[in-house]
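Heads up: the structure comes next, in structure tokens.
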Amino acid sequence: MKVWLTVKEAAQELSCSVQYIRYLIVGRNRKYPNRIKTENGVIPSNMVKLEGTKLKQKYLIHQHSINILKQIKNNKK
């Protein structure tokens, strides 16, 4: 069993999109007419490794955080 998963592997395990996993890691900026609101990611930064260059970033997600996200997903049902 791998300890660090790529974004694509995490998306397959959680059966969701790659874009959603990236949102959970980084968060997003919402643009309003008078301001920009920043939302932080859900996955803690100590559970994510950042590899690659500035132009092409590659995230690796720890297996433990995937298990936590699975529990959250099951509790919402």
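What follows draws every value from the coordinates through simple rules; no lab data is involved. Everything numeric in this text was worked out from a predicted model, so none of it was measured. Cβ atoms come from the backbone with ideal geometry, glycine included; neighbour counts cover every protein chain shown.
For the chain, compute the number of Lys pairs whose alpha carbons are separated by less than 23 Å, excluding pairs fewer than 8 positions apart on the same chain. Counting lysine pairs in the chain gives 16.
In terms of Cα atoms, the Rg and Dmax of the chain work out to 13.7, 48 Å. Counting Lys +1, Arg +1, Asp -1, Glu -1, what net charge surrounds Ile61 among other residues with beta carbon under 10 Å of its beta carbon? Residues close to Ile61 contribute a combined charge of -1. Applied to region 30-40, the Karplus parametrisation 6.51 cos²θ - 1.76 cosθ + 1.60 on θ = phi - 60° returns per-residue 3J(HN,Hα) values of 9, 9, 10, x, 10, 6, 10, 9, 9, 10, 7 Hz, with x for Gly and Pro.
What is the local net charge at Glu39, summed over the other residues whose Cβ is closer than 10 Å to its Cβ (Lys, Arg +1; Asp, Glu -1)?
Working: positive: Arg28, Arg30, Lys37; negative: none.
Computed value for this residue: +3.
Per-residue 3J(HN,Hα) values for region 3-15, derived from phi via the Karplus relation 6.51 cos²θ - 1.76 cosθ + 1.60 with θ = phi - 60°, read 8, 10, 10, 6, 4, 5, 5, 5, 5, 5, 5, 8, 6 Hz in sequence order (x marks Gly and Pro).
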